[in-house]
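The values are calculated or read from the model by the stated rules, or taken from the named source; none is laboratory data. These figures come from a predicted structure and were not determined experimentally. In this analysis, Cβ positions are derived from the backbone assuming ideal geometry, glycine residues included, and neighbour counts consider all displayed protein chains. Surface accessibility is based on the protein's heavy atoms, side chains included, excluding ligands, DNA and RNA. Shrake-Rupley method; radii C 1.70, N 1.55, O 1.52, S 1.80 Å.
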Amino acid sequence: MNNLRLPAALALLLLAALPLLATAALALGALFDASAWHALWQDPQWQRALTYSIWTGLASTALAWWGAAALLAQGFVGQSLNRLLRGLPVMLATPHAAFAIGLAFLIAPSGWLLRAASPWLTGFEFPPPWPTTQDPWGLGLIAALTAKEIPFLLWTAATQLQRDDLRQRWRAEHALAQTLGYSPQRAYWRVVWPQLAPRLFWPLLAVLAYGLTVVDMALVIGPASPPTLAVLAWQWLQDADLAINAQGAAAGGVLAIVVLVSALGWRALQAVATHRARLGNGERGHEPKRSPTPSVRPEPFDELRTGSVEGLKRTRASIVRWLRQAQPERRGLGGTKTAFGFWLLAALYAAVLLTLAIGSIAGVWPFPALWPEALTTQAWHSVWSSRSTLSTTLVLALAAAVLALAWCVAWLELAPRHWDTAMRPLLNLPLVLPAVLWVVGLYRVALWLRLEGQWSGLLLAHTAMVLPYVLLALSPAYLGFDPRYQALSASLGHGRWRFLLRVKWPLLRRALSASAAVGFAVSVAQYLPTLYIGAGRFSSVTTEAVTLAAGAQRSLTSAYAGLQFLLPVLAFGIAAWVGRPRRFKVATT
């Protein structure tokens, strides 16, 4: 197998690189049209639309980054990270469009929030003319993007913290920093976070690119007059006039430049922050309030001076014992703060999903009644009558997730590490290029291969979008697998395939199943590739939900958005069942 390893890796490389390079080249080739740039420059809307895109994208990314970092700090210090992560699958499974639709129904002038306070508090007998959705400041879009991206950043950070080698090293360094006088929080920000933050660059770049170029969420809850530049570009790309079509591609090019400049700016800021963190000034901050009972602080370096292994072990045990005795209040406080921040986020998700559930069965529901006057399943009957939409979504998501997972496993298993490092920028292109520009390249590739409007073309488009997410999800666990297991298996005379089938993949089944669920959820949420490559011949629950959101059919929109949420939840539930810890019965004699 070793002889075939490099040829197989090269084949995998070509299999992924050629379509991605062709798509990127054709997408960027659409930008070389001077008349399109001139028409874009003359357009009266594009500068305000670009301002909206930059404002909503950067603000939501900064808030999501800060929120995820704060929750991680509290979870790490309070040792409550595992409890925090238990609720993430439901949040990750909620598609962006479904969340935006539910949030719009929740905060709309006729939404549940205002109904709960009317008329006893507000005095409103009719919905007020407030721009709470599609507001001209983009606040609704910022709130929706922030709430959706915090779980993603938390989850990608958790995949790093769950690696045994990193977790043990960072725990030891965090404990050692506390023995030097740093509070737990300051020790985390000084020691752990500077090492963790650079590892989250690609997930953060994906969040930034999505926030700057999102179309489906902006259509539902973003500003409308003018919309963000991504929505404007999408409207131009749908025009039958080729000149206006090229203008849409040019707008996508502008968004790509904004993403690139923002990414370079973030890299520069991160380098400065890391440099300052490494230098430090010796300031240890305020000492937290301590329990009065314990204890004498250990002298960790006394034993180290002996230079013996036993001395090192006694020092480590002394540090751990002191931390356990001296910080019960700190652990409880951290857990409480984590619980508050996380439960606040969880409450928002619960309210959004409850709004969708009630909205999907609501009949007549006049304002300001808190509950519908009648309940009906008419919307779900309509959904059931279009079963082809559901089957297309299911089959497409399953096939794309399986193909992407198979490629990622083969790639991580066979490719040399430096190949993988060199290929990451190319593999992550679908994440960082604006979706409105990426689909232009995809469409041209599909036309060239005569796959436009074909199911196979749609599958390839979804797989290209799913693959980088699956690779991001799987890489930390797969690359961090302890190589001593393989050496032990080889010493027992077992071959590579036996090691993979009996040892490595069973031990990694939790990461494998979770990555497949991520791929399934990403495929279900795809909007632009389904519309563009499908050429209107295929519809998914996402395209139906976003299309209906522009109308007045609240119940049918809620039903499709609810279905868009239920499918990924089902996938994550199956992944959790597959990846559950094995329990062995103790033999009794």
Among the residues of region 13-38, count how many are surrounded by fewer than 16 Cβ atoms within 10 Å (Cβ to Cβ), among the aliphatic types (A, V, I, L, M) and closer than 18 Å to V254 by Cα. 2
W137 is checked against (1) open to solvent by less than 10 Å² (accessible area, probe 1.4 Å); (2) farther than 30 Å from P194 by Cβ and fails just one. What number does that condition carry? (1)
Outside any helix (DSSP H, G or I), more than 30 Å from S225 (Cα to Cα) and in contact with a helix residue (DSSP H, G or I) (Cβ under 8 Å, 6 or more places away or on another chain), is that true of Y188? no
Taking region 68-85, which residues are closer than 25 Å to A525 by Cα and open to solvent by 10 Å² or more (accessible area, probe 1.4 Å)? L85
Is it the case that region 1-9 has a residue that's basic (K, R), open to solvent by 30 Å² or more (accessible area, probe 1.4 Å) and either farther than 18 Å from A230 by Cβ or at pLDDT below 90 (or both)? yes
Got a number for residues in region 189-198 being without any contact (Cβ under 8 Å) to a residue 60 or more places away in the chain and either open to solvent by less than 10 Å² (accessible area, probe 1.4 Å) or in contact with a Pro (Cβ under 6 Å, 6 or more places away or on another chain) (or both)? 0
So, in region 228-250, exactly how many residues are under 19 Å from A206 (Cα atoms) and among the small types (G, A, S)? 1
Within region 199-236, the residues that are small (G, A, S) and either surrounded by 24 or more Cβ atoms within 10 Å (Cβ to Cβ) or closer than 30 Å to T421 by Cα (or both) are A206, A209, G211, A218, G222, A230, A233
Subset of region 7-58, residues of a type in the set (A, V, I, L, M) and in a loop (DSSP other than H, G, I, E, B), comes to A30, L31
From the list P89, P109, which one is within 30 Å of Y560 (Cα to Cα) and in a loop (DSSP other than H, G, I, E, B)? P109
Kindly list the number of the only condition in (1) within 27 Å of the chain's Cα centre (by Cα); (2) of a type in the set (A, V, I, L, M); (3) crowded, with 18+ Cβ neighbours inside 10 Å that fails for L426. (3)
Counting only residues that are within 14 Å of L345 (Cβ to Cβ) and open to solvent by less than 30 Å² (accessible area, probe 1.4 Å), which one in region 86-101 is modelled with the lowest pLDDT? G87
